[in-house]
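In what follows, a single structure is set out as structure tokens and then discussed.
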Amino acid sequence: MNTALYPLTFTPYLKPVIWGGTALRPFKGFTPSDEKIGESWEISGVPGYVSVVADGALAGWSLDDLMQYYGTDLVGQSVFNRFGTHFPLLIKFIDAQDNLSIQVHPDDKLARIRHNTSGKTEMWYVMDARSGAYLYSGFARPTDAEDYRQRIADNTFMQTLARHEVKRGDVFYLPAGRVHAIGAGCFIAEIQQSSDITYRIYDYDRRDAAGNARELHTDWAADAIDFTVEQDYRTAYDVRCNNTTDLVQCPYFHTQLLDLDGEEWHYHPDTHAGFTIYICVEGSLMLTTDLNEHNPLCLHRGQTVLIPAIARHIVLCPDGHCTLLQTGIDR
């Protein structure tokens, strides 16, 4: 088989959770439902949740299949050299109608030792937020491992956290080790390392449908937490209309905001660059590359597309105002 690559969309995995809401289905253009969906996994190589191609000649292929068969053509030589056949990013939409647990993720070193997998560094882009919505990121005051254990014991750990009221367009970078939680009323796009390792520290004493408390990992979290206090945890940026605006650039991903007001956008990836992912958070557009020049892809709000590394010319033709996140991995 020698099927040519093209811009790839995947069947999302809609994840029911106790804190989820009902906004993800209509956001993505699906029939509304009363089921509480907290996450839509858009592109995933996480075992058990590996994405499957939705359309075109490769429909039905898993992301693992694509990585094995196409390798460097799909992700680029430098990305393949670094990550092999495991796709390195996980892309999600999150609808928090209730508070998520207070949590932390291990870094690569600790995750390799404990779980034989990568750590989890991530970022949030707030797509929408109801009035008064907030999230937690980092510490508001100095603390350390000893203070952490004492505050866990006397149930005062929440008092140490930095709480941030949020609005549409806010960005937070969450390196592994930073304590965080999404609050009720936040609607978020999340870009992260391909890992599902989470240490829950506090979960508001919630119970599942069977009356059981959710598992906590306070001892494991103690070794994962970075107790550094930052002056400002929110990422500052100025939107550049009809141009890219840098949001987060780190060893694991480089994410930019692309705010288009109807002008056609042309992008020529570097010949040594890897894949490009577009996440449409507002509006709609036609996407064409040299890989699908006779079959443009219509991309609308709530959709995500993976552009193979071999694409040399990307053209975005928005239908009026359109906002996207463009992400990949720098070589």
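The values are calculated or read from the model by the stated rules, or taken from the named source; none is laboratory data. In this text, all values refer to a predicted model and were calculated from it rather than measured experimentally. Cβ placement follows ideal geometry from the backbone for every residue including glycine, while neighbour counts extend to all protein chains displayed. The accessibility values were calculated without ligands, DNA or RNA, using every heavy atom of the protein model including side chains. Shrake-Rupley method; radii C 1.70, N 1.55, O 1.52, S 1.80 Å.
For the ranges 313-321, 3-11, 138-146, what's the packing order if you count other beta-carbon atoms within 10 Å of each residue, average per peptide, and put the highest first? Could the numbers behind the result be given before it?
On the way: 313-321: 16.2, 3-11: 19.4, 138-146: 13.6.
Going from most to least packed, we get 3-11, 313-321, 138-146.
May I ask you to give the percent of accessible area on the chain that is carbon plus sulfur, with a probe radius of 1.4 Å? Don't jump to the answer; show the numbers that get you there.
Numbers: 6600 of 14530 Å².
Looking at the chain in its full context, I get 45 percent from C and S.
Of all chymotrypsin sites (Phe, Trp or Tyr not before Pro) in region 158-218, which ones are in loop regions per DSSP and have a Cβ with at most 14 other Cβ atoms within 10 Å? Can you show the working numbers first?
Numbers: sites: 172, 173, 187, 199, 202, 204; in loops: 204.
Those that pass, being in a loop and sparsely packed, are 204.
Taking the chain as the reference, fit the longest principal axis to its C-alpha atoms, fit the long axis of helix 145-154 to the helix C-alpha atoms, and give the angle between the two in degrees, 0 to 90, nearest 10.
70 degrees
What accessible area per residue comes out for region 200-276, rounded to a whole number of Å², with a 1.4 Å probe?
Details: 4510 Å² over 77 residues.
That works out to 59 Å² for each residue.
Return a single number: how many Lys pairs in the chain, at a sequence separation of 8 or more or on separate chains, have alpha-carbon atoms below 27 angstrom apart.
17
Hey, what D do you get for region 131-199 in µm²/s if you plug the Kirkwood alpha-carbon radius into Stokes-Einstein at 10 °C and 1.306 mPa s? Provide the component values of the computation, followed by the final result.
Details: Rh = 13.6 Å.
Here the translational diffusion coefficient equals 116 µm²/s.
What does the C-alpha gyration tensor say about the overall shape of region 282-331? Classify as rounded when a/c is under 1.5, otherwise prolate if a/b is larger than b/c, or oblate. Mind showing how you got there, number by number?
Values: a/c = 2.15, a/b = 1.23, b/c = 1.74.
Because a/c hits 1.5 or more and a/b fails to exceed b/c, region 282-331 counts as oblate.
Under unit Cβ charges (Lys, Arg +1; Asp, Glu -1), what dipole magnitude, rounded to 20 debye, does the chain have relative to its Cα centre?
The dipole of the chain has a size of about 480 debye.
Rounded, prolate or oblate: which one fits region 184-331, using the alpha carbon gyration tensor with axes a ≥ b ≥ c (rounded when a/c is under 1.5, else prolate when a/b beats b/c, else oblate)?
Numbers: a/c = 2.17, a/b = 1.94, b/c = 1.12.
Prolate shape, in that a/c is at least 1.5 and a/b is the bigger ratio.
Once region 13-102 is represented by equal point scatterers at the alpha-carbon sites, with solvent omitted, what log10 I(q)/I(0) does the Debye formula produce at q = 0.13, 0.17, 0.18, 0.20 Å⁻¹?
-0.54, -0.80, -0.85, -0.94
Test of understanding: in a Gaussian network model of the chain with alpha carbons linked when under 10 Å, which of 103, 249, 303 would top the mean-square fluctuation ranking?
Largest GNM mean-square fluctuation: 249.
Just from its helices, what would the mean residue ellipticity at 222 nm be for the chain, if runs of 4 or more DSSP H residues each count -39500 (n - 2.57) and the sum is divided by every residue, rounded to the nearest 500 deg cm²/dmol?
One gets -3500 deg cm²/dmol as the mean residue ellipticity at 222 nm.
Could you give me the ³J(HN,Hα) list for region 70-75, computed from phi with Karplus coefficients 6.51, -1.76, 1.60 and θ = phi - 60°, whole Hz, x at Gly and Pro?
9, x, 5, 4, 7, 10
By how many nm would the segment from residue 153 to residue 217 grow when fully extended, if each residue of separation counts as 0.36 nm and the alpha-carbon distance is taken off?
Values: separation 64, 0.36 × 64 = 23.04 nm, distance 1.33 nm.
Roughly 21.7 nm would be gained on extension.
Please give the contour-minus-distance gain from residue 55 to residue 35: 0.36 nm per residue of separation, less the Cα-Cα distance, rounded to one decimal in nm. Let's see the in-between values first.
On the way: separation 20, 0.36 × 20 = 7.20 nm, distance 2.58 nm.
Fully extending the segment from residue 55 to residue 35 adds 4.6 nm.
In the set (1) 18.7, 55; (2) 19.9, 64; (3) 23.6, 98, which value of Rg and Dmax of the Cα atoms in Å was calculated from the structure you see?
Answer by label: (2).
For the chain, with a Gaussian network of springs between Cα atoms less than 10 Å apart, report the residue from 61, 41, 124 with the top mean-square fluctuation.
Its mean-square fluctuation being the largest, the pick is 61.
List the relative contact order of the chain as a percent without decimals, with contacts defined as Cα pairs under 8 Å and 6+ residues apart.
About 19 percent, as a whole number.
Take the chain, connect every pair of alpha-carbon atoms lying under 10 Å apart with a spring to form a Gaussian network, then pick out the residue of 15, 120, 109 with the largest mean-square fluctuation.
Greatest mean-square fluctuation among the candidates belongs to 109.
³J(HN,Hα) across region 85-97 via Karplus (A = 6.51, B = -1.76, C = 1.60, θ = phi - 60°), whole Hz, x for Gly/Pro?
8, 9, 5, x, 10, 10, 10, 9, 10, 10, 10, 9, 8
I'd like the distance separating the alpha-carbon centroids of region 155-210 and region 116-132, in whole Å.
Between the Cα centres of region 155-210 and region 116-132 lies a distance of 8 Å.
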